[in-house]
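Report on the following structure.
The values are calculated or read from the model by the stated rules, or taken from the named source; none is laboratory data. Computed from a predicted model, the values in this text were never measured in an experiment. Cβ placement follows ideal geometry from the backbone for every residue including glycine, while neighbour counts extend to all protein chains displayed. SASA here: full protein model, heavy atoms, side chains in, ligands and nucleic acids out. Shrake-Rupley method; radii C 1.70, N 1.55, O 1.52, S 1.80 Å.
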Amino acid sequence: MSLSEMLTKKLRLDSLLSNRSESSKVWLCWRCRRIPLKYVFLVATRETESAGPHRIELGSYDAIQKRTHCPLCKLVLSLLTEGSFTSPETLEALSKEPQNKGCILSISEEYGEVDLSVSYCGTGMGRIKLVTEDNHKDSVRQAHGIRSVGMKETLRQVQGIGVDQNDQAISVADLKASRSRHVQLLAIDVLGNKLVSISSGERYIALSYVWGGTSMLQTTKANISSLKTSGALGYHWEQLPHIIQDSISFVRMLGERYLWVDSLCIIQDDECSKRENIKGMNKIYNQAFFTVVALSAQGANSFLPGVRPHTRPPQPIATIRKLPLAVVPPDLYQILDRGFTYDSRGWTFQERVLSRRCIYFTEKQLYFNCYEATACETRRIPDWNDTLQMFNRLAFAVRRAEFEPRQNGSYLLEDEERDLYRYMVEGYTNRNLSYKEDILNGFKGILAVMKCLGTEEIVNGVPLRILDAGLLWIPAVRGIQRRVTRNNVAICSSWSWAGWLGKVHYMAELRGNALTERLRRRLEDLHVEPLLDDDSWCHDPDLKPRVLRFSTETLPLSSFSIESSAYVGFPCFSREPMHRILDLRGKHCGMIFSSRPFLPRSICDYGLLLISSIKKSSHISDDRSVSVVDVHMKFPGRTIHYVRRYDENIFNDSGSQDHVLNIMIVEWKSYGPAERVALAQIHAQAWREAGPEMKVVRLG
């Protein structure tokens, strides 16, 4: 019997089994029958050899969906349906890529228990575990609602983390000489159903959610007095969106009293109040006892799953071969990559990273996370997961600053500041804002914390102390455009990421250790100047373009030639096409990261500025190459190959202090300062041979 005939026969058998009545015997599909379930859950450990295969390929999402008679496949399907990343269309598209194997079940061991780990195209989706008398409480969550007792226990266990004896939040700003600890803010009194004025030193909970265009009750100058009367919010209860109603109920359920929600706790038609609250977001969220994150909500009118009955599905549980099996959702760090609407909004980024503790509401599970521990409804607080560090970097820096003295005027070393700033910018620019002018408003809380940590002057969103690294951003999307107002006035400067629309990444060299030893700034006599004499058009001084005046080595772009063929490269996980740079001998000496065509007739309008230099280091596996894929090849199914940054047979690194030079390509303007066009990297030897000149440059 041929392979195709065998598969046809097995598919026909599965089809016949699916037509049996529900009252008949439980039948597994031909793939799941290969799994020795009793041996896996009752005998096997990581050290023992299983009686069957350790990995079972279940096929694509579409194939699993057709095996509706198989109870194990049904459990697997329940793990593949949360978040936009796991939409049926996305899952099916991923499974068609040649390198992907679809859904895979594998035997794994976690926290001392053996279970079946479910992954799809290499991404962990969750686990299926055996429910026993010993682990029942930790394995099975409440069917439709939240087990508030368990959440209270979790909060009690972590109550001492990052707080003082009176459970008052310790902000880095407290360490400043002014000792100005707390701020005054409006909050919802969930017991009195009204707005009250409190100090941020009191214990309160903050809400982080997406508005989603929902019409809702908002605090204004006209109604603030009435909303402060007892029972006022109860009178306007139907005007509150579901997510705020549920948050009030949840806070009350935990025995807490105060809740901070932006739509009600900021006077929406008072520009002065809004500006002060935007500047103080670092204190509002950092000093909250914890933050409720409505992760799976599509908008303000969505429910907080589990707060009210029947607002989330019951946990999938099935008895297979007399074994009670339960689905355990994936870990928090895996859930945070699922592409929820929450993760696409710009304002929610700083709300999450500024919070000391977060409680995440998803459709299937409630998660708790702080910079010391994680927990969920179906698991006790486990050991710290290193992967979650990437979501708590700012909180780590804040916590360390509470207990460690400053070093050279800062709580952060330069490498730490560069790495923290890079992560924050890359995460923030990956999100959307309704208004272009809010690009720095949604980032001000993060910048305020960095200032408290010792960061020096910040201009257009870039700290001057790490300007050498702060300038080395590359668009992560094609066709990046300048950020302008409705009147076509540029917002921020061209050299700042805040002056452009779209996601950005930083060069791969900025991801190594000991960067300070390798990266050398080449800008001298740096001064910051206003771009326009009359900048009254902008009420926010942070958005006003600024000019950097400095001395550095320069060359005309005509000193080199640029190949017209392009590659899609990944030196910084960017999709911006790259072009090879050739010296006048036609030798490959560098790469330019830009999709912008540089035509021969216009090449004289562009110049090259030396920003910084990088010494060759063992921290990078191969400093001379970047992985790329031909720009004409289509995704999925693309083939990655390598293009050298330069021709190592021509350009020798021996005896050279500088390995690669980071170059900014600028367009010279006859009526004003030069403007950034793109970034490039050129070998130091080729740069020296071209004969650069030291000039004073004005970059706007």
How many residues of the range 320-344 are closer than 22 Å to K137 by Cα, open to solvent by less than 10 Å² (accessible area, probe 1.4 Å) and either among the hydroxyl-bearing types (S, T, Y) or free of Cβ contacts under 8 Å to residues at least 40 places away in the same chain (or both)? The answer is 0
Per the filter on the range 426-461, residues over 21 Å from the mean Cα position of the chain (by Cα), at pLDDT 90 or above and in a loop (DSSP other than H, G, I, E, B) are N460
Would the range 658-678 turn up any residue that is open to solvent by 40 Å² or more (accessible area, probe 1.4 Å), part of a loop (DSSP other than H, G, I, E, B) and at pLDDT 90 or above? yes
Taking the range 230-241 and the residues there that are more than 37 Å from the chain's Cα centre (by Cα) and not in a loop (DSSP other than H, G, I, E, B), the one that is surrounded by the fewest Cβ atoms within 10 Å (Cβ to Cβ) would be Y235
Restricted to the range 276-317 and to residues being modelled with pLDDT of 90 or more and in contact with a Pro (Cβ under 6 Å, 6 or more places away or on another chain), the residue surrounded by the fewest Cβ atoms within 10 Å (Cβ to Cβ) is N301
Of (1) within 23 Å of L295 (Cβ to Cβ); (2) open to solvent by less than 10 Å² (accessible area, probe 1.4 Å), L195 fails just (1)
How many residues of the range 211-238 are over 21 Å from D270 (Cα atoms) and not small (G, A, S)? The answer is 4
The one condition L91 fails out of (1) outside any strand (DSSP E or B); (2) at pLDDT 75 or above; (3) buried (at least 17 other Cβ atoms within 10 Å of the Cβ) is (2)
Against the condition in contact with a Lys or Arg (Cβ under 7 Å, 6 or more places away or on another chain) and open to solvent by less than 80 Å² (accessible area, probe 1.4 Å), how does L227 come out, does it pass?
yes
Can Q685 be described as touching a residue at least 12 places away in the same chain (Cβ under 8 Å), in contact with a strand residue (DSSP E or B) (Cβ under 9 Å, 6 or more places away or on another chain) and farther than 25 Å from W497 by Cβ?
yes
Within the range 432-459, residues open to solvent by 30 Å² or more (accessible area, probe 1.4 Å) and farther than 20 Å from A490 by Cα come out as K451, E456, E457
M390 meets each of (1) surrounded by fewer than 22 Cβ atoms within 10 Å (Cβ to Cβ); (2) within 20 Å of L295 (Cα to Cα); (3) modelled with pLDDT of 65 or more with one exception, condition (3)
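Got a number for residues in the range 122-138 being assigned to a loop (DSSP other than H, G, I, E, B) and either in contact with a Cys (Cβ under 8 Å, 6 or more places away or on another chain) or within 16 Å of T378 (Cα to Cα) (or both)? Steps first, please.
Here is the first cut: in the range 122-138, the ones assigned to a loop (DSSP other than H, G, I, E, B) are 122, 131-135.
Checking the rest, the ones that are also either in contact with a Cys (Cβ under 8 Å, 6 or more places away or on another chain) or within 16 Å of T378 (Cα to Cα) (or both) come to 131-135.
Within the range 122-138, residues that are assigned to a loop (DSSP other than H, G, I, E, B) and either in contact with a Cys (Cβ under 8 Å, 6 or more places away or on another chain) or within 16 Å of T378 (Cα to Cα) (or both) number 5.
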For the range 588-599, pairs from a residue that is within 11 Å of I562 (Cβ to Cβ) to a residue that is modelled with pLDDT under 65 and among the acidic types (D, E), with Cβ under 9 Å and 6 or more apart or across chains, are S594/E576
Going through (1) open to solvent by less than 10 Å² (accessible area, probe 1.4 Å); (2) closer than 28 Å to K451 by Cβ one by one, L264 fails only at (2)
If we ask which residues in the range 244-276 are farther than 20 Å from V190 by Cβ and assigned to a helix (DSSP H, G or I), their number turns out to be 6
